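Below: one structure, written as structure tokens.
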Amino acid sequence: RQHEGPRRVKRAWVIPPISVSENHKRIPHLLVQIKSDKQLPGGVIYSIKGPGVDEEPLGIFSIDKFSGKVFLNAMLDREENDRFRLRAFALDLGGVTLEDPTDLEIIVVDQNDNRPLFRQDVFTGHVVEGAEPGTCVMTVDATDADDPDTDNAALRYSLLEQGAGGLFSINSTTGEICTLRPGLDRETVGVYNLTVQAADMSGDGLTTTATAVIYLEDINDNPPEFTKEEFSMEVEEQATGVDVGRVFVHDKDLAGSPNWLAKFTILEGDPEGSFAIRTDPYTNDGVLSVAKPLDHEVRDRFKLTVSVQNEGPLEPTAPASPRALATVRVRVRDVNEAPVFRENPRRVTVLEGAPPGTSVTTFTASDPDTHQLQTLTYALLYDPADWLQLDPHSGTVRTKRELLHPSAFLQGGRYIALVLARDDAEPPLSATGTLSIEILEVNDHPPLLQPTAGVLCGRPGRGGKLLLGATDDDRPPHGAPFHFQLSPQHPQLSRNWSITRFNVTHAVLAVLVPLPKGLYSLPLLLRDSGTPPQERQQLLNVSVCHCGREGTCEDGVLAAATAGAGITLEALVIILGSTILLLVLVGLGVARVRRHRRALRKGLLQRSRDDMRDNILNYDEQGGGEEDQDAYDINQLRHPELFSPRTKAPVRRDAPLSSATPLASRKLPSGPSDIEDFINEGLEAADSDPSVPPYDTALIYDYEGSGSVASPLSSIVSSLTDEDQDYDYLSEWGPRFRRLADLYG
């Protein structure tokens with residue numbers, strides 16, 4: 001069986017789309033009438049539902065429920081709703097559906113009621129000056145809220161105003177702005193303001209305008225130029241680092257850019273490099289300054305040739321500058337200059353001990369101001385030892401007193417003085433010169449034998465030698481090496497003695513033949529190496545002693561006594577005085593320590609008078625424990641006050657010896673100083689007691705038993721808190737535990 005085809009719907013009930021123009025002002029406006037032929041007229045009730053009826057926006061459409069006429073009740077705006085989709089219903093008078101619901105579509109027809117709108121009020125673009133025609137700068141664009149499928153939204157762009165020249169054009173469809181012809185010059189016009197129009201209806205409808213601002217970017221197409229061909233300046237001589245003046249330039253390019261910033265160069269007129277020129281970055285001026293001190297007396301005028309160019313390279317198309325060079329004339333003004341010591345410091349030499357009035361040197365300065373007549377005067381600015389005198393006019397330096405050496409005022413053998421030179425200009429200027437005087441050493445001191453006495457064995461060889469030395473107050477080369485020899489006036493000395501060189505300052509005296517012991521006085525001749533040499537004859541006291549096996553003196557006491565013969569009285573007095581002072585100090589220290597110990601012992605005895613258990617008792621040996629009743633009477637330990645030195649000492653009933661001799665009753669010490677004797681007596685009595693076994697013998701240790709009267713040590717930690725402990729028994733332990741009993745009992 002074939003399927004039935006679609007059910008036929010009556011044309012009166014199928015409603016085609018209805019078009020209505022937006023902004024329709026005749027309201028209410030009949031849009032359409034719907035009909036159903038299922039009932040006779042008057043027997044059908046019509047209704048519609050959907051947006052504009054019972055959904056937002058409400059109240060735009062309505063229907064006559066008996067006639068089926070649909071009305072427009074408000075003005076429509078296509079830009080808000082371009083179409084409405086409604087549902088139409090047909091019911092009989094009893095509410096029974098006569099027809100299936102049908103669609104009712106209402107299309108809003110667009111009208112050109114919206115002007116174009118630019119996306120921004122001002123558009124900005126940049127283009128370099130001198131750009132070629134056809135160079136695009138920017139694009140402007142606009143929108144239209146009307147139907148884009150109609151001419152109501154078809155936009156066209158145009159330039160309404162761009163100033164003289166007409167250098168720009170715009171694409172009417174895309175809105176792109178480009179250069180139209182050459183001639184863009186930033187130095188002439190730097191900014192172009194263009195008025196752009198957008199119109200709908202393909203240019204014949206509604207219009208709107210915006211502004212397009214085009215900035216020209218600078219290029220280096222203008223070289224810098226001096227404002228004039230010659231500049232004149234002045235500067236004082238001897239000035240360094242000061243600015244002399246400025247040269248001015250002009251550049252049409254953008255200020256502050258590398259195309260505008262100038263760079264100056266001194267081409268001619270300054271072979272010594274006395275000047276320097278730099279650019280002021282704010283004004284672009286050339287600042288000429290002094291690089292080296294100028295001297296009016298040497299050169300008073302300069303003619304400089306200065307060039308200028310930009311920091312950035314110049315465009316090839318830029319014209320050449322007729323004023324790229326300028327002449328700068330500088331005049332050097334003369335000023336008063338300070339005197340100058342040509343030789344500074346001045347180094348001279350003077351012999352040691354030169355008499356007062358000796359000429360040292362003539363220390364003068366010169367005045368650089370040769371074009372001015374000035375007089376120089378001199379004065380001593382620094383003369384620490386007041387050794388010198390100075391002529392204020394000639395600058396001649398002489399000694400005022402004898403120059404002594406050594407002296408605290410000498411530095412490395414030189415005496416330093418300062419001389420002041422002053423001119424008579426207004427205001428006067430001065431200079432300071434340093435005078436360094438070397439004090440030449442004169443050999444005016446002979447060497448001195450050190451020491452002047454010695455001890456040696458009277459046997460040639462190992463022990464018969466003595467090391468001799470010498471000192472000299474003169475400085476090198478007038479001191480060492482020293483020459484030692486036996487006096488030529490006593491040639492017989494060379495038979496028993498000889499002197500050989502040890503080093504530059506010492507020599508060795510040796511015995512040539514065995515000599516008896518005794519004191520020998522040997523005349524020696526000492527000579528230095530100065531020019532001329534100085535010499536001195538001195539006596540050397542030599543104590544000769546008997547030699548032992550090792551080459552040393554056998555009689556040490558004699559050697560020491562004889563060696564002391566060479567000690568001076570002053571040295572002996574110093575040694576004896578130091579020894580006596582040391583003994584006095586030691587005695588005072590010992591006495592202070594003994595007083596401190598006695599006071600300490602006295603305090604100890606006073607604190608222990610309340611406890612007689614500190615007395616020395618003879619307990620023979622350790623014995624057994626608390627239950628060892630056979631060895632000791634434990635009551636005597638519990639009641640020590642019953643036992644004293646006047647009673648017999650406790651004797652073990654199981655003593656290993658047959659007899660027990662108690663300690664003799666001894667008198668207690670009357671004072672703290674006797675405690676040592678008291679202890680020693682008790683120790684001696686215990687050592688001599690035959691009833692006491694020696695410490696290294698086997699002692700008797702009995703069984704202590706299974707229990708103890710005293711509490712075990714473990715009870716100390718058997719509880720966790722102090723409240724669990726009973727400390728009242730501390731008060732029964734005697735005065736030593738009284739403090740603990742007060743704290744815990």
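Observations, loosely collected:
- Looking only at the stretch 376-429, residues that are hydrophobic (A, V, I, L, M, F, W, C), farther than 18 Å from E343 by Cβ, crowded, with 16+ Cβ neighbours inside 10 Å and within 46 Å of the chain's Cα centre (by Cα) come to 3 in all.
- A262 assigned by the TED database to the domain that holds F302 and buried (at least 21 other Cβ atoms within 10 Å of the Cβ): yes
- Within the stretch 430-449, being in a strand (DSSP E or B), at pLDDT below 85 and either surrounded by fewer than 21 Cβ atoms within 10 Å (Cβ to Cβ) or acidic (D, E) (or both) holds for one residue alone: L440.
- Scanning the stretch 178-236 for residues being closer than 30 Å to A291 by Cα and open to solvent by 30 Å² or more (accessible area, probe 1.4 Å) gives a total of 8.
- Screening the stretch 511-528 for residues that are of a type in the set (A, V, I, L, M, F, W, C) and surrounded by fewer than 16 Cβ atoms within 10 Å (Cβ to Cβ) and picking the one that is modelled with the highest pLDDT gives L519.
- Taking the criterion of being at pLDDT below 90 and out of contact with any Asp or Glu (no Cβ under 7 Å at 6 or more places or on another chain), the residues of the stretch 416-429 that qualify are D424, A425, E426, P427, P428.
Residue by residue, here is whether (1) in contact with a Lys or Arg (Cβ under 6 Å, 6 or more places away or on another chain); (2) in contact (Cβ under 8 Å) with a residue 40 or more places away in the chain; (3) farther than 19 Å from S359 by Cα holds:
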| residue | (1), (2), (3) |
| --- | --- |
| R398 | no, yes, no |
| E402 | no, yes, no |
| A417 | no, no, no |
| R422 | no, yes, yes |
| T432 | no, yes, yes |
| S436 | yes, yes, no |
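- For the stretch 469-488, a residue qualifies if it is more than 60 Å from the chain's Cα centre (by Cα) and closer than 22 Å to V544 by Cβ, and the qualifying residues are F484, Q485, L486, S487.
- Set side by side, the residues T361, T375 differ, and just one is part of a strand (DSSP E or B) and either in contact with a Phe, Trp or Tyr (Cβ under 8 Å, 6 or more places away or on another chain) or of a type in the set (V, I, T) (or both), which is T361.
- Flag for L304 being under 30 Å from P223 (Cβ atoms), at pLDDT 90 or above and open to solvent by less than 20 Å² (accessible area, probe 1.4 Å): yes
- Reported count of residues in the stretch 471-494, each being open to solvent by 70 Å² or more (accessible area, probe 1.4 Å), part of a loop (DSSP other than H, G, I, E, B) and closer than 15 Å to L525 by Cβ, is 2.
The values are calculated or read from the model by the stated rules, or taken from the named source; none is laboratory data. The shown structure was predicted, so the numbers you read here are calculated from the model rather than taken from an experiment. So basically every Cβ, Gly included, is an ideal-geometry build from the backbone, and we count neighbours across all protein chains shown. The accessibility values were calculated without ligands, DNA or RNA, using every heavy atom of the protein model including side chains. Shrake-Rupley method; radii C 1.70, N 1.55, O 1.52, S 1.80 Å.
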